[in-house]
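Shown next, in structure tokens, is the structure this report addresses.
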Amino acid sequence: MRVFPPLPGRARIRRVVAWVAAVLCAAALVPGVARADNPIVQHIYTADPAPLVHNGRVYLYTGHDEDGSTWFTMKEWRVWSSADMVNWTDHGSPLNLASFSWASADAWAGQVVARNGRFYWYVPMTVRATGAKGIGVAVADSPTGPFRDAIGRPLVSNGEIDPTVFVDSDGQAYLYWGNPNLWYVKLNADMISYSGSPTKIPLTTAGFGTRTGDANRPTLFEEGPWVYKRNGLYYNVFAAKCCSEFIAYSTAPGPTGPWTYRGTVMPTQGSSFTNHPGIVDFNGGSYFFYHNGALPGGGGFTRSVAVEKFSYNADGSIPTISMTSAGAPQIAALNPYNRQEAETIAWESGIETEVASEGGMDVGWIENGDYIKVKGVDFGAGANSFTARVASATSGGTIELRLDGTTGPVVGRCAVPGTGGWQTWANTSCAVTGAAGTHDLYLRFTGGSGNLFNVNWWQFGGSGGGNLIANGDAESGTSGWGVMGAGTLSSNAAVAHGGAASLSVSGRTASWNGPSQDVTSKLTNGRSYTTTLWVRSQSGTPTVKATLALTANGTTNYVSLTPGTAVNPDGWTRLTGTATVSWSGTLSGATFYVETASGTDGFSVDDLSLQ
Ligand code: FUB
């Protein structure tokens, strides 16, 4: 069952109060009843969503409302990510108030943008020295951090909040923020300094709508601007007319206006008196993130982030979007034959997460009857085993593997032993029968009283999965391999990432030439696949990537399986990526191959997997 923080070390204090009462009232939490998937996160309260698309995933940056808050008591920011819009991985909190030595309180609404291979997180806080609000900027090399204060002081501080950053197609970046005014300043290319002075955007009723009943605030603009460009039109989506807020938007022909009020995006705030927008396009769809008070115990200071899929109208206007409990549809099935983090969750009951000693996060505070739902899991032809990475300072318990509900068919029962500590990790495995095709997977935890065990990750085995690449370890010569286009392939015992040999390709005459393999009969339409391979160049530092050429109904499409990554002759570089593979009509050919972004350098590959 859920344990309410703050938690003194590993002490586990059961938090029963309002949660249990509220849960008992929530029909949707009755065991066995299929769950809706909004809000996105259930084990903590989240607010102020800011999505970012990067390398085939949506990263979602949020604030964290403390339990039982009676104000915007927020001390840290959190990161979540998803490749399918329904199963979200908890990446913990790589940024908090203590990251900024000059800040005293109020880890409020921010946004992350990617530039120059780095990630910049703009966040408002209270400046200790002045007591006024200021905006800090943190930087990281990865979307999940760790983030550090980039400049050691506020980037701007004029008492106003809610930064959003937009990088225009000409490379000029703009920082916008404000409440009660709306400001912008031009950021320099380094993203951590600016040119000129902060400029007020005129809040006219033509630009931002008419508010009645507040002589000091004649327009609807309140806070939370989210600025972006689509088809040459600039959008400013914002929280309107406190309190209660709704979401409205304006558009402009340029990044600094003039703005024209365009109407309501989301008319409600769902028992939270604020709302807050974040919009991205991902995998061909458009997604609107917002917050409400939908969780048990939720309200204006205990909010939760949710998402809806939407389509722009033909004229570029945004339709009115309603809050739903179903949320966005799943983009692609989850592959259970890949290792999955236990903290990848569509819905849960009772668990918490924490930093794992092995890296990433783990799921803890598990008690009898708690469960995790993972939505749309494609077991293919069938699974026959399950392995989980577990730890327990007590005597453990059991992971029940159920399909489609907490009382659905049991396809496996995995015993979890005591391991001697909550971070003393061991693998446990069990047989699986009856898991084939696509189902919602429920990991239901059972055992005695108190905390049972922690789970770091899990993975199924069986004929339905496994590596689609034959001779992926290159230990059987060139067996199974060919060359895409021109080039000579050879087994190379002089360099190997694992085992005794790798595959080397030379004599390439075009960047798309490289080791290849036919996987036509092995793919499932609409499924997500993870590719991993190790590469080193024979000389030079080419950018290498894995690609899938899919031919269906006479048309060939190219799916990027990994991002292009620079490799070198001095050692092995790991390339990895996850991509959804789908096609229309009949698939007549699917070729996995490794190529370079440009040039014809020779290179070697080893330990390739597509699963
Ligand atoms: O979360 C604190 C504040 O509430 C945000 O900065 C505003 O946008 C509102 O959502």
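The values are calculated or read from the model by the stated rules, or taken from the named source; none is laboratory data. Treat the numbers as computed from the prediction; the structure is a model and nothing was measured. Backbone-built Cβ (ideal geometry, glycine too); neighbour counts: all protein chains shown. Surface areas here come from the heavy atoms of the whole protein model, side chains and all, with no ligands, DNA or RNA. Shrake-Rupley method; radii C 1.70, N 1.55, O 1.52, S 1.80 Å.
Just a few scattered comments:
- As a summary of the residue check, residue 175 satisfies the conditions (1) in contact with a Pro (Cβ under 7 Å, 6 or more places away or on another chain); (2) surrounded by fewer than 22 Cβ atoms within 10 Å (Cβ to Cβ) except for the one numbered (2).
- Scan of the range 73-83 for residues that are open to solvent by less than 10 Å² (accessible area, probe 1.4 Å) and away from the ligand (no atom under 15 Å from the Cβ), ordered by number: 79, 80, 81, 82
- Boolean, residue 534 is among the hydrophobic types (A, V, I, L, M, F, W, C) and open to solvent by 40 Å² or more (accessible area, probe 1.4 Å): yes
- Entirely in the range 228-338, the strands (runs of 3 or more DSSP E) that have 3 or more residues that are in the same structural domain as residue 110 (by TED's automatic domain parsing), more than 24 Å from the chain's Cα centre (by Cα) and not aromatic (Phe, Trp, Tyr): 246-252, 260-266
- Residue pairs whose Cβ atoms lie under 7 Å apart, sitting 6 or more positions apart in sequence or on different chains, and linking a residue in the range 48-66 that is among the basic types (Lys, Arg) to a partner that is open to solvent by 10 Å² or more (accessible area, probe 1.4 Å), are 57/83.
- Hits in the range 499-517 (condition: outside any loop (DSSP other than H, G, I, E, B) and under 31 Å from the mean Cα position of the chain (by Cα)): 516, 517
- Residue 48 being outside the structural domain of residue 340 (by TED's automatic domain parsing), acidic (Asp, Glu) and not in a strand (DSSP E or B): no
- Residues of the range 178-224 that are small (Gly, Ala, Ser) and either within 16 Å of the ligand (Cβ to nearest atom) or open to solvent by less than 50 Å² (accessible area, probe 1.4 Å) (or both): 178, 193, 207, 209, 224.
Conditions tested, residue by residue: (1) more than 22 Å from residue 275 (Cα to Cα); (2) at pLDDT below 95; (3) within 16 Å of the ligand (Cβ to nearest atom).
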position	(1), (2), (3)
91	yes, no, no
95	yes, no, yes
105	no, no, yes
113	no, no, no
123	no, no, yes
128	yes, no, no
131	yes, no, no
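- When residues of the range 272-285 are limited to those that are closer than 23 Å to residue 526 by Cβ and open to solvent by 10 Å² or more (accessible area, probe 1.4 Å), the one farthest from the ligand (Cβ to nearest atom): 284
- The listed residues are 36, 27, and the only one of them that is modelled with pLDDT under 95, of a type outside the set (Phe, Trp, Tyr) and closer than 24 Å to residue 274 by Cβ turns out to be 36.
- Contacts under 8 angstrom Cβ, first residue in the range 145-157 being under 18 Å from residue 183 (Cβ atoms), partner open to solvent by 60 Å² or more (accessible area, probe 1.4 Å) and of a type in the set (Phe, Trp, Tyr), 6 or more apart: 155/194; 156/194
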